Amino acid sequence: MRKLEGRGALVTGGASGIGAATAKHFAEAGAKVVIADIDDSGGEAVLRDIRAAGGEAHYRHVDVTDRAAVRRMVHDAAATLGGLAVLFNNAMTSPSADFTEDERWNLMLESGLSAYWAAATEAAPLLARSGYGAIVNNASIAGTRLGLDFASEAYSAAKAGVIGLTRKLAKRFGPQAVRSNCICPGIIETPRWRSPGLEEPQFARRYRQMAPLGRFGKPDEVAKLVLFLACDDSSFITGQDIAIDGGFTTALRFESIDFG
């Protein structure tokens, strides 16, 4: 069903992984999509896939560590699409191995939290004007109650901030009929854990086995949750953080895992 028929949707970090899967699901649901990313080749590939399937999509190069560029991105997307109804804040820049702790902290908090705030607050009046306004933010189980050793302090702090930001956005913009929710993915089959078809690293196997479902999640599975939160099926849901993690955060299987 085309649950976003004719609506403008902006997806940051749409060149790969969860962002790419979401952009494609939005387009299949009838949305007009702007894909924003710093990875031009990946973004253009997603763009071609959407257009080949008969969808409408556009690509825009954006560095989400530049707050002014993030705000321009929002208005450019609305102008390109003839309005904006959905914002999926998904991008987060990964630091290089040689970054200092301060550089790592600043990069991840700017790209993974401040950029979400800048995009959401800039987009809110446009989303309200559409009559269907929905903000979906990508957080993580690393931002919930677990101090996970596979997530850095900077990453965990940014993702916890996204959850708090989501609630405040829901309160601030709810009276304008703009909903705000966030997803908290667990171990998803993306390059961070394992690219599809590649051998599973030992560290990933350990955490996969801890989850009751015992497998990686797929980007498509996460994208379907984002689509649900972006469309009218979730019209009375706002201010929520929803884990999509195979039960990892609620029912860890410590007793049956070989930690050797």
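What follows draws every value from the coordinates through simple rules; no lab data is involved. All values derive from a computational prediction rather than experimental measurement. When we count neighbours, we look across all protein chains shown, and the Cβ atoms used for this are built from the backbone with ideal geometry, even at glycine.
A few points about this structure:
- Counting only DSSP beta bridges whose two residues both lie in the stretch 66-197, roughly 0 percent are antiparallel.
- Relative to the current alpha-carbon distance between Thr121 and Phe150, full extension at 0.36 nm per residue lengthens the span by 7.3 nm.
- Placing a pseudo-label 7 Å from each Cα along the Cα-to-Cβ vector at Glu101 and Arg167 gives an inter-label distance of 2.8 nm.
- Those lysines that a straight Cα-Cα span of less than 20 Å connects to Lys3, excepting residues fewer than 8 apart in one chain: Lys24, Lys32, Lys224
- Average 1/r across all pairs of distinct alpha carbons in the chain, invert it, and you get the Kirkwood radius: 18.4 Å.
- Charge sum, other residues only, whose C-beta stays under 12 Å from Glu221's C-beta, Lys/Arg counted +1 and Asp/Glu -1: 0
- Protection proxy ranking, highest mean first, for peptides 177-186, 243-252, 103-112: 177-186, 103-112, 243-252, where packing is the per-residue count of other beta-carbon atoms within 10 Å, averaged.
- Label sites at Phe236 and Glu44, each approximated as a point 7 angstrom past Cα along Cα to Cβ, lie 4.8 nm apart.
- 16 Å Cα-Cα reach of Lys159 towards aspartates and glutamates, excluding residues that sit fewer than 8 places from it in its own chain: Glu110, Asp149, Asp241, Asp245
- Mean sequence separation of contacting Cα pairs (under 8 Å, at least six apart), scaled by the length of the chain, corresponds to a relative contact order of 18 percent.
- Note on Ala251 and Gln202: with the Förster distance fixed at 25 Å, the Cβ-Cβ geometry gives a FRET efficiency of about 0.65.
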